[in-house]
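A short write-up of the structure that comes next.
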Amino acid sequence: MGRVRGAVMAFSGTIVVLLLLLVQYIPSATCGKPYEYINLPKAHLPMYFKRFPALEKQCAEDETCPYRTVIASQSYQNRKEGCWGYEEGCTERNRYANHSCPGSHIGYVKSKQAQLDTFYSQADFGFVRDQMRETRIMCEPQFPHDSSLECSKYLRFCRGRNLMLNFTDLVRRTEPLRYKMDVLGPGQIGGHCRLHGERLRDELQHISPLQSWGPELRFFERLERPPIEAGVCDVVIERPAFIMKIDAAINMYHHFCDFLNLYASLHVNLSHAGGFDTDTQVLVWESFTYASPFADTFKVFSRHPIADLKTYAGKVVCFKNVVLPLLPRMIFGLYYNTPIIYGCENSGLFHAFSEHVLHRLKVRMTTRPDERLRITFLSRQTRYRRVLNEDELMGRIAKNPNYAVQRVSYGHDLPFVEQLRITRNTDIFIGMHGAGLTHLLFLPKWATLFELYHCEDPNCYRDLARLRGVHYLTWERDQLVYPEGEGKHPERDERHAKFTNYAFDVGEFERLVGKAATYVRGHAEFQKFLTTNANRAVKRKDEL
């Protein structure tokens, strides 16, 4: 069910055209829980309600609203002017979070402010802002029930209304469909609207499976009649839908590129209060049944089963509201190809994504019985990049009474949400170069990621740590690393540091863990956490 939202836009400064671009989606209300669609971390509520002030007023006056107490709290009132950072009029002072650039700007940009601005546009909510500013109408509705399509530059993000996708030819395709650019052909995607064909063709510069929606939208055509009203649809998707071209779902580093870009797309698309609702449909753009060790993360975005191209093969499918989200391997995208300017860190977008995922998966920071640092060593059960003297390293730091040390293997037998609980309650996270280090996205603010050895790929997790705002540490003395062999790439028969195993000097390992511990203990947020933790412990004792 929806109601039309009108927007007035001017062209050439003289002609005013009424554009009925979007259906204002009314979130479904679970019985007895009319505000359940909000479900955001407390720290995100001021920005959300500032975006929708009528809803804030309604909630503040409604005794059944679960956020009423939060809205009345002093901490909320202190942040009442807060904004994400992409809204018009959002000042730097009121942004959700402010990044920093402690490194020199010299040799990169002309000034410190230019350095700050560049990072914000590359890797923070400034990236969302730029997608919104670049968005242009590709197919213009003329009547209330018409179709519409609008996209950002290079067709990296698009959204549409009342669009038709024709999957009838897929029943004849025998090969697996993944990373294919010919899923659709001419006339198999379109809508009843005034198509700006030249404008659309101008954006077809990034034709690649995971870089843009160009491979699909190059075939967009104007239909003679509205597809749903004309009865041409075998299936009509009523709820808002996300069509996703995903990267390697088995690899955490690559798959969380999908999830981060989906979260960023929620903000680009945030035109109504139900923008974070999970009553959505996700269609994965491949014929493989979706399966991933990280599948629980999709529950953050949708409470319905994930569909794939097999689901609709042989059918004409119409989408009332559809988003084509930002993609995982965009040129200058997030975060796989992010060209991060030197010296900057702590993206508010990455921090907000982390908090959003943890909140929706109900992963909490636990109360601690003491002040020992929690050290988690990620053990690899793989052929390559294993630590040959792991027991010796663990034994050495376990003797330190100030450390609580645990060794974990984040394999298929440990549910992903449980992995997140361990990570969230870790102060120093240690592991070899590998996708498991993507867990750094969910470490506390004060934590250190200790990439034991980067295997001659020094930027990957260092840059991801910078984006998340987590302290990064790696091995400092190459002469104290002992590879098992030279290491050869299994396919190219050339030397490759990622394809062997390693032993490490125990004393140097202990020194570096001590260096990480000094950083954590000196962090203001960690000191604040210890104080809060102690107060909670006293309260529990009094209650007993």
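The values are calculated or read from the model by the stated rules, or taken from the named source; none is laboratory data. The structure displayed is predicted, hence computed values, not measured ones. All Cβ positions, even for glycine, are placed from backbone atoms using ideal geometry, and neighbour counts span all protein chains on display. With ligands, DNA and RNA removed, areas are computed over all heavy atoms of the protein, side chains included. Shrake-Rupley method; radii C 1.70, N 1.55, O 1.52, S 1.80 Å.
Listed by position, the helices (runs of 4 or more DSSP H) enclosed by the stretch 302-404 that each have at least 2 residues that are within 26 Å of Cys257 (Cα to Cα) and open to solvent by less than 10 Å² (accessible area, probe 1.4 Å) are 348-360.
In the list Ile106, Ile71, which residue meets the criterion of being of a type in the set (Val, Ile, Thr) and more than 21 Å from Ile341 (Cα to Cα)? Just a single option satisfies the conditions, and that option is Ile71. Against the numbered list (1) at pLDDT 95 or above; (2) open to solvent by 40 Å² or more (accessible area, probe 1.4 Å); (3) polar (S, T, N, Q), Gln142 comes up short only at (1).
Against the list (1) open to solvent by 20 Å² or more (accessible area, probe 1.4 Å); (2) hydrophobic (A, V, I, L, M, F, W, C); (3) over 27 Å from His196 (Cβ atoms), the condition Leu170 fails is (1). The helices (runs of 4 or more DSSP H) found entirely in the stretch 196-247 that carry 1 or more residues being under 28 Å from Phe276 (Cα atoms), open to solvent by less than 30 Å² (accessible area, probe 1.4 Å) and modelled with pLDDT of 95 or more are 214-217, 227-230.
The condition of being in contact with a Lys or Arg (Cβ under 9 Å, 6 or more places away or on another chain) and modelled with pLDDT under 95 holds for only one of Thr448, Thr500, Thr474, that being Thr500.
Collect the residues in the stretch 173-195 that are touching a strand residue (DSSP E or B) at 6+ places or on another chain (Cβ under 8 Å) and either charged (D, E, K, R) or assigned to a helix (DSSP H, G or I) (or both), keeping them in residue-number order. Matches in the stretch 173-195: Arg194 only.
The residue that is nearest to Leu437 (Cα to Cα), counting only those in the stretch 248-261 that are part of a helix (DSSP H, G or I) and open to solvent by 10 Å² or more (accessible area, probe 1.4 Å), is Tyr253.
Scanning the stretch 407-424 for residues that are in contact with a Lys or Arg (Cβ under 9 Å, 6 or more places away or on another chain) and surrounded by fewer than 18 Cβ atoms within 10 Å (Cβ to Cβ) returns Ser409, Val417.
Residue-by-condition table, conditions (1) farther than 29 Å from Tyr37 by Cβ; (2) touching a helix residue (DSSP H, G or I) at 6+ places or on another chain (Cβ under 7 Å); (3) small (Gly, Ala, Ser):
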{"site": "Glu175", "(1), (2), (3)": "yes, no, no"}
{"site": "Arg194", "(1), (2), (3)": "yes, no, no"}
{"site": "Leu204", "(1), (2), (3)": "yes, yes, no"}
{"site": "Pro240", "(1), (2), (3)": "no, no, no"}
{"site": "Ser265", "(1), (2), (3)": "no, no, yes"}
{"site": "Val268", "(1), (2), (3)": "no, yes, no"}
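Answer yes or no as to whether Val417 is among the β-branched types (Val, Ile, Thr), farther than 23 Å from Lys153 by Cα and assigned to a loop (DSSP other than H, G, I, E, B).
Numbers: among the β-branched types (Val, Ile, Thr): yes; farther than 23 Å from Lys153 by Cα: yes; assigned to a loop (DSSP other than H, G, I, E, B): no.
No: the conditions fail for Val417.
Pairing each residue of the stretch 43-72 that is without any contact (Cβ under 8 Å) to a residue 12 or more places away in the chain with any residue that is in a helix (DSSP H, G or I) and basic (Lys, Arg), provided the two are 6+ apart or on different chains, yields C-beta distances under 9 Å for Glu61/Arg68; Asp62/Arg68.
Of all residues in the stretch 89-139, those that are closer than 26 Å to Ser271 by Cα, open to solvent by 60 Å² or more (accessible area, probe 1.4 Å) and either among the polar types (S, T, N, Q) or part of a loop (DSSP other than H, G, I, E, B) (or both) total 3.
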